[in-house]
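Below: the structure, in structure tokens.
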Ligand code: ADP
Ligand code: ZN
């Protein structure tokens, strides 16, 4: 099954997509993670993307589409995949429709106040990539592996605001785009725990699968 995850930054797309990946045994494809890796490895795509990401802007469609196209051609995508963070614009969704058949678009709906609190409190482990909220941390090291924790540049307050504005303007129209195709399913997540919200995501998926 080919699944697209929709939702504002900080909605929990990555967390839920990772669980679903393990359960369904299909890859999670996160364009944000791919760009962050490319930046670490200092590839041309990474250097190009960084200029946009640090400001909370979207990387140009051509760059993202080319990267996703290459990734979807890899053998592990043959039995399905979860796209997390792509498409982010109507142009990307149209490009995706020319290279793949999407079965379900899962929209993770979370109120703005929750998003802002989550993103500004998010810390990432430099060693294992795990993400944690400051309110749940005891010290300043990763609770999973002891690695150093840091705040993503784009989780700083001014950039968070910009990412939410960009989401409303560029990405929210995709909700309609997939609704018109009849493949949209929405999970209304609230301030419950991860398990509770994941159950809502699974229910939304099963409603369309
Ligand atoms: P989040 O969902 O938490 O905002 P991501 O890790 O998905 O973060 O993306 C981080 C940044 O990477 C985005 O703000 C954007 O600059 C860039 N990016 C990721 N995916 C895309 C995409 N599909 N189109 C354009 N830019 C993207
Ligand atoms: Zn760690």
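Since every read-out is calculated from the coordinates, none of them should be taken as a lab result. Just so it is clear, the structure is predicted and the values come from calculations on it, not from any experiment. Backbone-built Cβ (ideal geometry, glycine too); neighbour counts: all protein chains shown.
Computed extension gain for residue 19 through residue 77, at 0.36 nm per residue and net of the alpha carbon distance, reaches 19.2 nm.
Taking 0.36 nm per residue of separation and subtracting the current Cα-Cα distance, fully stretching the chain between residue 132 and residue 55 would add 25.5 nm. Computed log10 I(q)/I(0) for the stretch 80-209 at 0.15, 0.22 Å⁻¹: -0.89, -1.33, from the Debye equation with unit scatterers placed on every C-alpha and solvent omitted. In plain terms, the residue of 133, 101, 16 with the fewest other Cβ atoms within 10 Å comes first and the most crowded comes last, giving 101, 133, 16.
Any chance you could run the full-extension gain for residue 47 through residue 199? It's 0.36 nm times the residue separation minus the Cα-Cα distance, nm to one decimal. Mind dumping the intermediate values first?
On the way: separation 152, 0.36 × 152 = 54.72 nm, distance 3.79 nm.
In short, 50.9 nm is gained.
Using a simple spin-label model with pseudo-atoms 7 Å out from Cα toward Cβ, residue 188 and residue 62 lie 4.3 nm apart.
Let me check against my output: what whole-number percent is the relative contact order of the chain, with C-alpha pairs under 8 Å and at least 6 apart? Intermediate values should be presented prior to the final figure.
Working: 302 pairs, mean separation 59.6, N = 209.
Relative contact order, the chain: 29 percent.
Using alpha carbon centroids, what distance separates the stretch 159-209 and the stretch 93-107, in Å? If you average the Cα positions of each part, the centres end up 15 Å apart.
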